[in-house]
1. Mean separation of Cα pairs under 8 Å and 6+ residues apart, divided by the residue count of the range 1-166: what relative contact order is that in percent?
2. On the accessible surface of the range 170-209, probed at 1.4 Å, how many percent belong to carbon and sulfur atoms?
3. Report the far tail of the P(r) of the range 20-105, meaning the percent of Cα-Cα pairs longer than 17 Å.
4. Would you mind getting the accessible area per residue of the range 1-166, heavy atoms of the protein chains only, 1.4 Å probe, in Å²?
5. Using the eigenvalues of the Cα gyration tensor, what equivalent ellipsoid semi-axes result for the range 1-166 when each is taken as the square root of five times the eigenvalue, whole Å, largest first?
6. Can you tell me the order of 158-171, 243-256 when each peptide is scored by its average per-residue count of other Cβ atoms within 10 angstrom, highest first?
7. Leaving out ligands, DNA and RNA, what percent of the accessible area of the range 17-103 is carbon and sulfur, probe 1.4 Å?
Amino acid sequence: MIIAAINIFGLFLVALMVPFLSFLLPVYKIKKMRTMNMKSRLIANFLAMAAIGIFDLSLLIAYIGVFLVIETLYYYFEKYKPDMAIFDRIFVSTSIITLLALVFSLLVVKDSATVIEANKSLYIEALKMDPKQMEEVFKYISANSLFIMFIYSFICNYFTYFNLNSKTYRVWDFSYKWTLIYIIAFFSTKFLGTENFYLNNLLSISKLMYMIFGIKVIYSMFGKKFSIKGFTKILAVLTAAMFPTAVFIIGAVKSFDIIKINVEKK
């Protein structure tokens with residue numbers, strides 16, 4: 001229990017220093033907790049959370065809002081929604097974490113303008129960047145902050161599920177229902193003149209999800225022709241980098257397979 005708590009605390013620090021490796025924490029916890037009884041799980045979690053809280057109370061909030069949410073929802077989907085598509089699970093889990101982060105930033109973060117200005121000065125001095133360039137960077141971050149929060153939690157969720165369910169990756173699916181988010185955001189911003197922060201970010205989020213799903217579709221297609229997994233993954237990613245819109249369309253169209261199946265059955 002104590003060793004598990006120490007490992008959880010250590011992996012949490014790794015997640016803070018190297019965000020791309022944040023998935024290691026939920027993967028470790030889910031794999032480790034499966035071998036422990038309920039009492040041991042609770043004690044290990046309590047010790048880890050106590051250590052994080054002593055280290056920094058605000059980090060404990062991040063731990064609960066991100067990593068405990070991922071872990072809890074993973075167990076929930078496994079037990080109560082076993083037929084739910086993997087990409088749907090990832091999207092729902094990521095959306096909940098992003099929403100919690102948004103609420104936290106709106107309710108808790110005070111005087112954000114002062115914080116932003118302080119960070120600007122810090123980065124300008126540390127990175128020796130031109131103030132105008134830094135202004136553009138922070139302007140982009142401010143306009144796309146919801147999308148950026150989504151990307152961070154998505155990376156953690158995606159690689160958590162990939163590590164725990166990699167054998168079934170080729171059959172991972174994504175519901176066509178989420179295209180409604182893209183459609184509403186797209187028509188609202190392009191034709192109704194209601195462009196705003198939330199609609200722009202929702203547009204980027206929904207497009208990203210179907211692009212990632214499109215990469216998976218292309219990977220599965222290439223996998224039938226090439227036996228080298230690493231090569232097919234690289235080829236799928238390169239295709240997305242060169243033709244992002246096409247890959248998005250492929251992902252969106254492929255998500256409607258359920259409709260085709262229902263029509264054939266009739």
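The values are calculated or read from the model by the stated rules, or taken from the named source; none is laboratory data. Here the structure is a predicted model, which is why all the values come from computation and not from measurement. Cβ placement follows ideal geometry from the backbone for every residue including glycine, while neighbour counts extend to all protein chains displayed. Side chains included, ligands, DNA and RNA excluded: accessible areas come from the protein's heavy atoms. Shrake-Rupley method; radii C 1.70, N 1.55, O 1.52, S 1.80 Å.
1. Relative contact order for the range 1-166 comes out at 29 percent.
2. Details: 1610 of 2400 Å².
Roughly 67 percent, rounded to a whole number.
3. On the way: 1989 of 3655 pairs.
Summing the P(r) tail past 17 Å for the range 20-105 gives 54 percent.
4. 57
5. On the way: eigenvalues 201, 77, 39 Å².
One finds semi-axes of 32, 20, 14 Å for the range 1-166.
6. On the way: 158-171: 15.4, 243-256: 17.9.
Per-residue Cβ counts within 10 Å, averaged per peptide and sorted highest first, yield 243-256, 158-171.
7. On the range 17-103, the fraction of accessible area on carbon and sulfur atoms equals 73 percent.
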